[in-house]
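Asks: Provided herewith is a single structure, encoded as structure tokens, for subsequent inquiry.
No lab work stands behind these numbers, since they all come straight from the coordinates. None of these values were measured; they are calculated from a predicted model. Because the Cβ atoms are built from the backbone with ideal geometry, glycine has one as well, and the counts that use them run over all protein chains shown.
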Amino acid sequence: MLEGCKKLRAQGIRIKDVFTPFPIHGIDPIIGVPRTRLAICAFLYGLTGTALATWMMWYMMVTDWPTDIGGKPSFEYFMAVPAFIPITFESAVFCAAHGLALTYLLRCWLVPGAKAKNPDPRTTDDKFMIYLELNDEQSVKAGEILTATGASEVNHKGTITEKEH
Amino acid sequence: MHAESRIREPLIIGDKSYRQITDDIIRPIEGKANKYWYMLFTVSVLTFMWGIGCLAYTIGVGIGVWGSNNGVDWAWDITNFVWWIGIGHAGTLISAVLLLFRQKWRMAINRSAEAMTIFAVMCAAIFVLLHTGRPWLDYMLFPLPNQFGSLWPNFNSPLLWDVFAVSTYFTVSCVFWYIGLIPDFGMVRDRAIKPLSKKIYGLLSFGWGGGARHWSRFEEVSLVLAGLSTPLVFSVHSIVSFDFATSVVPGWHTTIFPPYFVSGAVFSGFAMVLTLMLIVRKVYSLEAYVTIKHIEYMNIVIIVTGSIVGVAYLTELFVAWYSGVEFEQYAFLNRATGPYWWAYWAMMTCNVISPQLFWFKKIRTSLVATFMLSIVVNIGMWFERFVIIVPTLCRTFVPGTWNMYHPTFVDIGIFVGTIGMFFTFFLLYARTFPVIAQAELKSILKASGEAQKKLAATQAHDSHAH
């Protein structure tokens, strides 16, 4: 299928999407999918979590009600900071993981009740599909390329061309 | 496609196609349960109900119905909590740490191991929530504004760190598990014929389609979540060990506790994964996916972590002697020869000696031996937590508080009840969820399938000949 995608791109045909039962490594640059920025989001959420926890413990233990526990006073944040590290860490992980997961689900619009996004139900089982949006002239050319690279089915639906193999 | 050495043993046995993988994994969901499933389920639900009864009795009458007393104020509650949470650790280790190390054998077992994590943490949570004595006030563990003045929880206390660590661990594990499940629910939805199951799996799959962008993001999310879960899983059991290590009780006040607890957790968790997977692969005929090689890999992890635990036990004894602190020395003498000597030696036998049998290839590739030893390890790890808590607390600094601990029927009932709950949830999961991450498994079929590897070998041979 990678071969088919490459040939289509060489002919200047834009590939709308590819539906596969599992991730195909190396397909992203061929069909022009940019690298996702979700990891950067996770990092920012993690920073938020760190800041939130630091502020919370500073407010509760240092400002609002400073306590002297076991002869270890927390009159300044730095005096008790070793004891605050575990919760700061947990909070960073909590915010990063949940923020990342939510962003991912919303960005892909994976929500309960969303309509299935694959045009053919067989693509979650064992079929691989290249999904194109073309005019009539391109459609004929694309069909030829796809048949030549071993497509098992080429379906034309109005202006839509599908290929599976 | 990723190439793999031909001498590496295949991870998928036989000549499987993508379609066959789908069929094999969906069979328990589409088919009917057999009588063994119903028998196991009935027993599990009944024990679960018994546990709920004992739990209600504890809440109604008070924590005095437990065997815990003034001297031994932590007993089965914390023993069971640490045991369950430790079991949970293997799930995250398999799905997160092995993902980062690109170990492909994890793909056949990660789904069930993560399910086990989630159910085990639920069981653990019951004990910590109950041991506070007044569980209806447990919300006070969280830093909520309240009417008692500016009263905040004590952030210096490892017990509070535990609250944050365990809640983060539980929720992040659930999210990690579910994100991985979405594509597989999509597959079940697309296969479903009955309108109701199509509807339910449609809702669960969140409209998954498997487009290239979604897969690309999916892989990034899995990798980042694995990167976050890896330090998280180590932090959770380290913090559990701080509950003991930051106290001044001899036998608990030890710097080796965090690594010792973490490896103990992985040790017991892998044993539980083996117990469950050996049953699942047999009942669902998944021998082609959970192969003897997978079981051998898990047994190797058991030897490694079991040996770390063994070294930790011996280190404790050595340090007690070498430190010259008589309280420390007495604590360990008391563990080995005191009133609970039998628990100590049960722990030593089950955790230090029995896993060493896995050095023999015959034993670590034998299903029967692995199954029996996995249960032995879990018994041993339960005794480890018991030995750390009860014999220590029954002989503390003031001899006036020296006391024996006897579990009551309520202690036993709640513990057995959590085992019932664990298996009830696991059995329900195994009937309704794809028990193997089939999408991931399909991605390694070309590189790690037995028939595919043989084909690649013949082709390579032919090209040499000509």
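Asks: Round to the nearest 0.05 the FRET efficiency obtained for A:Leu102 and B:Phe142 when R0 = 25 Å and r is the Cβ-Cβ distance.
Replies: That pair, A:Leu102 with B:Phe142, gives E of 0.75.
Asks: Taking neighbour Cβ counts within 10 Å as the exposure measure, how do B:Ser241, A:Ser139, B:Ser5 sort from fewest upward?
Replies: Starting with the residue having the fewest Cβ neighbours, the order is B:Ser5, A:Ser139, B:Ser241.
Asks: Could you work out how far the C-alpha centroid of region B:114-139 sits from that of region B:330-390, in angstrom?
Replies: 26
Asks: Could you list the residues of region B:380-418 with an amide nitrogen less than 15 Å from a label point located 7 Å from the Cα of B:Asn70 in the Cα-to-C-beta direction?
Replies: Taking a point 7 Å out along Cα→Cβ of B:Asn70, the residues of region B:380-418 whose backbone N falls under 15 Å are B:394-405.
Asks: Moving on. Explain nothing, just the number: relative contact order of region A:38-107, from Cα pairs under 8 Å at least 6 residues apart, as a whole percent.
Replies: Worked out over region A:38-107, it gives 51 percent.
Asks: Rank by packing, highest mean first: peptides B:355-362, B:275-282, A:48-55, with packing defined as the count of other Cβ atoms within 10 Å averaged across residues.
Replies: The densest-packed peptide leads the list: B:275-282, A:48-55, B:355-362.
Asks: Here is a follow-up. State the dimensionless ratio Rg/Rh of region B:74-169 (Rg: radius of gyration of Cα atoms; Rh: Kirkwood radius).
Replies: 1.09
Asks: Would you please give the FRET efficiency between B:Ile200 and B:Met372, computed as 1/(1 + (r/R0)^6) with r the Cβ-Cβ distance and R0 = 35 Å, to the nearest 0.05?
Replies: The formula returns an efficiency of 0.35 here.
Asks: Could you tell me which of B:Ser443, B:Val368, B:Thr408 has its Cα farthest along the dipole of region B:366-466 towards the positive end, charges placed at Cβ (Lys, Arg +1; Asp, Glu -1), taken about the Cα centre?
Replies: B:Ser443
Asks: Over chain B, calculate the relative contact order: mean separation of alpha carbon pairs under 8 Å at least 6 apart, over the residue count, as a percent.
Replies: In percent, rounded to a whole number, it is 34.
Asks: Of all GluC sites (Glu not before Pro) in region A:1-93, which ones are in loop regions per DSSP and have a Cβ with at most 11 other Cβ atoms within 10 Å?
Replies: Sites meeting the loop and neighbour criteria: A:Glu76.
Asks: Here is a further query. Can you sort B:Asp15, B:Asp24 from fewest to most other Cβ atoms within 10 Å of each residue's own Cβ?
Replies: Placing the least packed residue first, the sequence is B:Asp15, B:Asp24.
Asks: Sticking with this one: Using the membrane-span-like helix rule (whole DSSP H runs, Cα extent along the own axis of at least 24 Å, mean Kyte-Doolittle hydropathy at least -0.5), which helices of chain A qualify?
Replies: Long hydrophobic helices here: A:38-57, A:77-107.
Asks: If you don't mind, there's one more thing I want to ask. Helix hunt in chain B: which complete DSSP H runs extend at least 15 Å axially by C-alpha with mean Kyte-Doolittle at least 1.0?
Replies: Qualifying helices, which must be both long enough and hydrophobic enough, are B:35-61, B:110-131, B:257-283, B:292-323, B:367-393, B:409-432.
Asks: Using alpha-carbon pairs under 8 Å, 6+ residues apart, how would you state the relative contact order of region B:11-134 in percent?
Replies: It rounds to 26 percent for region B:11-134.
Asks: Over 31 Å between C-alpha atoms is what I'm after, so list which of A:Lys127/B:Lys35; A:Lys16/B:Lys199; A:Lys117/B:Lys454; A:Lys115/B:Lys282; B:Lys361/B:Lys442; A:Lys117/B:Lys282 land there.
Replies: Over 31 Å Cα-Cα: A:Lys127/B:Lys35; A:Lys117/B:Lys454; A:Lys115/B:Lys282; A:Lys117/B:Lys282.
Asks: On a full-extension model of 0.36 nm per residue, what is the gain between A:Phe43 and A:Glu3, subtracting their alpha-carbon distance, rounded to one decimal in nm?
Replies: Gain on extension, A:Phe43 to A:Glu3, equals 10.8 nm.
Asks: Related question: Which distance in Å, rounded to a whole number, links the C-alpha centroids of region A:79-150 and region B:20-38?
Replies: A separation of 28 Å, based on Cα centres.
Asks: Specify, per residue and in Å³, the volume enclosed by the convex hull of the alpha carbon atoms belonging to region A:38-107.
Replies: It comes to 76 Å³ per residue, whole-number rounded.
Asks: In Å and on Cα atoms, what radius of gyration and Dmax does the protein assembly as shown show?
Replies: 27.3, 95
Asks: In region B:211-293, what GluC sites (Glu not before Pro) fall in a loop by DSSP, with at most 16 other Cβ atoms inside 10 Å?
Replies: Those satisfying the criteria are B:Glu287.
Asks: Another question about this same structure. Give me the distance between the Cα centres of region B:292-324 and region B:73-105, rounded to whole Å.
Replies: If we compute the Cα centre of each part, the gap is 16 Å.
Asks: List the trypsin sites (Lys or Arg not before Pro) within region A:71-124 that DSSP assigns to loop and that have no more than 11 neighbouring Cβ atoms inside 10 Å.
Replies: Here the sparse-neighbourhood loop sites are A:Lys115.
Asks: Here's a follow-up. Can you give me the distance in nm between label points at B:Lys361 and B:Thr255, each placed 7 Å from the Cα along the Cα-to-Cβ direction?
Replies: It works out to 4.2 nm between the two label points.
Asks: Right, here's the next one. Per DSSP helix of 4 or more residues, -39500 (n - 2.57); summed, then divided by the residues of the protein assembly as shown. What does that give at 222 nm, rounded to the nearest 500?
Replies: When only DSSP H runs of four or more count, the value is -21000 deg cm²/dmol.
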